[in-house]
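The values are calculated or read from the model by the stated rules, or taken from the named source; none is laboratory data. All figures in this text were calculated on a predicted structure; none of them were measured in a lab. Because the Cβ atoms are built from the backbone with ideal geometry, glycine has one as well, and the counts that use them run over all protein chains shown. Surface areas here come from the heavy atoms of the whole protein model, side chains and all, with no ligands, DNA or RNA. Shrake-Rupley method; radii C 1.70, N 1.55, O 1.52, S 1.80 Å.
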Amino acid sequence: MIKFYNSLTRRKEDVPYHENKVIKMYSCGPTVYYYPHIGNFRAYLFMDNIRRVLKYNGFTLDGVMNITDVGHLTSDADEGEDKMLVASQREKKSPWEIAKFYTEVFMKDAKALNIDLPEHIVPATSVIEEMVEFVKGLLEKGYAYETSKGIYFDIAKFKEYGALSGMDINEKLAGARIDVDEEKHSPYDFVLWVKAPKEHIMQWESPWGMGYPGWHIECSVIGDKFLGETIDIHTGGVDHKPVHHENEIAQSNCYYGHQVVKMWMHLEFLQIDGGKMSKSLGNLYTLKDLADRGYEAETFRYFYFMAHYSKQQNFTFDALDMAKNTLKSIKILVKEHKNGTNQIDTSDYEAEFLEAINDDLNMPKAIATVLKMLKEERSMNVYETFLEFNEVLGLNLEESDDIPAEVKEKAEARWQAKKNRDYAAADALRNEISALGFEIKDSKDGYDILKK
Ligand code: AMP
Ligand code: ZN
């Protein structure tokens, strides 16, 4: 039995599913206005983790992830500027070019991390018509109202508002600062559709004139369009709980008149050196930053397994080194087991692994089981069981075998040349290796050969 922690009910519950063991799962996706950082990727590794564990248990996934390419303001609420427009001014490109470029960066990084991506990946701008229809529906049903600035959701009409994050909206209202927008019924009413000023770059026709969608509406509409009116699991980072997901619940549940998402799952944040990641502190790392320091994307994938998703995880380069070394030994051991001649009964390990992953994705425990098993006498059975576990872990076992002998020899010769301080020879060999489609990443005590 799989039990996951449902943030809405605040307890571990059986995983809900549709007919034929299909699980409909929605994951809030990236806002494509900048390079995604490793904190963002913790969120997508979490999604990957859920998907793979469910598949391991025989479920079929019907998953959706949105790509936010309009409407996400610099605050998660209705304040600030549209992140896409800020990027567009910063880079002197159109918002469409910005979206295309950073969507490609995201997909490339996700591939490098071997993230099992959802079946549907949907940009917000591809569902503008559906968003307009949804907003119209909310207006007709009396859950929204129009002002001179746009269409707003009337949170007073949804009594359960705040249930996910445990906020008491009346208490919050009593302490709220006076909203500058006097047309709004309540300061916490949020925008569904914004009436655009003429100069606004991204705008579409609507019954309320030219405009653009608020941020939250895309997730309700994309979920509705691709998964229907009952979604089994919805994922996102904890930062989404108090605004984005409360608003999504309000919109969707009012539109349908029933609870749409059965299970909400939230990932705690990745911290850097015990603190918040921020551009100004210079500690906001991307996968490329890690690669420049000699770490493959897969090392970060393994790093994800070292903490439970519901706890903050602290990123340090020492911890990443630990991940790198363990991963290296795992691969060596797996290879040894492949040629092993002993017979080992792995059924206890299989049961232990399954129990760990099905207990709210306890990956640290699952990994401990894997490491324990790999210490067994070398055996083909262990190798085969590892391959099964690897459906969940998603590690790349083939890569080192894929490297041609010629490349390996050149890499070794280059390493020796470097050690002998013959940098000209080392550089020449690096170029030869590059021409063969591989690159060398040096680390403190050796080097890795990577496919380009
Ligand atoms: P964004 O592209 O800003 O919409 O964020 C994409 C995803 O990354 C969201 O699900 C956030 O919750 C998540 N996220 C942002 N920062 C972090 C972090 N430091 N650790 C984990 N997840 C994060
Ligand atoms: Zn969302």
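By how many degrees, 0 to 90 and rounded to 10, does the Cα axis of helix 423-435 deviate from the longest principal axis of the chain? Once rounded, one gets 60 degrees. Short-range pairs are left out: with C-alpha atoms under 8 Å and at least six residues apart, the relative contact order of the chain is 16 percent. Taken per residue, the accessible surface of the range 272-393 reaches 48 Å², heavy atoms only and a 1.4 Å probe.
Given Gly80, Val334, Tyr212, which one lies farthest toward the positive end of the charge dipole of the chain, if we put +1 on the Cβ of every Lys and Arg and -1 on the Cβ of every Asp and Glu? Going by the Cα projections, it comes out as Val334.
Charge tally around Thr74: other residues with Cβ under 12 Å, Lys/Arg +1 each, Asp/Glu -1 each, net -4. Calculated mean residue ellipticity at 222 nm for the chain: -13500 deg cm²/dmol, from DSSP H runs with n ≥ 4 weighted as -39500 (n - 2.57), summed, divided by the residue count and rounded to 500.
For the listed peptides 186-193, 403-410, 301-308, 341-348, a ranking on the average number of other beta carbons within 10 Å per residue, highest first, reads 186-193, 301-308, 403-410, 341-348. For the residue pairs Lys3/Lys225; Lys93/Lys288; Lys159/Lys262; Lys172/Lys195, the alpha carbons lie more than 26 Å apart in Lys3/Lys225; Lys172/Lys195. For the range 272-393, the Cβ-based charge dipole about the Cα centre amounts to some 640 debye (Lys, Arg positive; Asp, Glu negative; other atoms uncharged). Ranking Asn431, Ser347, Gly223 by how far each Cα lies toward the positive end of the dipole of the chain (charges on Cβ) leaves Asn431 at the top. For the range 342-352, 3J(HN,Hα) computed residue by residue from phi via the Karplus equation (6.51, -1.76, 1.60; θ = phi - 60°) reads 6, 10, 10, 7, 9, 5, 5, 5, 4, 5, 5 Hz, glycine and proline entered as x. In a reduced charge model with +1 at each Lys and Arg Cβ and -1 at each Asp and Glu Cβ, the chain shows a dipole moment near 960 debye about its Cα centre. Normalised by the number of residues in the range 405-451, the mean separation of alpha-carbon contacts (under 8 Å, six or more apart) gives a relative contact order of 33 percent. Amide H to amide H distances under 5 Å link Gly237 with Leu267, where only residues 5 or more positions off or on other chains count and H is placed in the peptide plane.
Here the chain has 50 percent of its accessible surface on carbon and sulfur atoms, given a 1.4 Å probe and all protein chains in place.
Between 0 and 90 degrees, the angle of helix 363-374 with respect to the longest Cα principal axis of the chain falls at about 20 degrees.
Just to confirm the number: angle between the C-alpha axis of helix 380-393 and the first principal axis of the chain, 0 to 90 degrees, nearest 10? Result, in degrees: 30. The value for the chain of Rg(Cα) / (2.2 N^0.38 Å) is 1.10.
Just name one of Ser126, Ser27, Leu393: the one whose Cα is farthest towards the positive end of the charge dipole of the chain (beta-carbon charges, Lys/Arg +1, Asp/Glu -1). Of the listed residues, the answer is Leu393.
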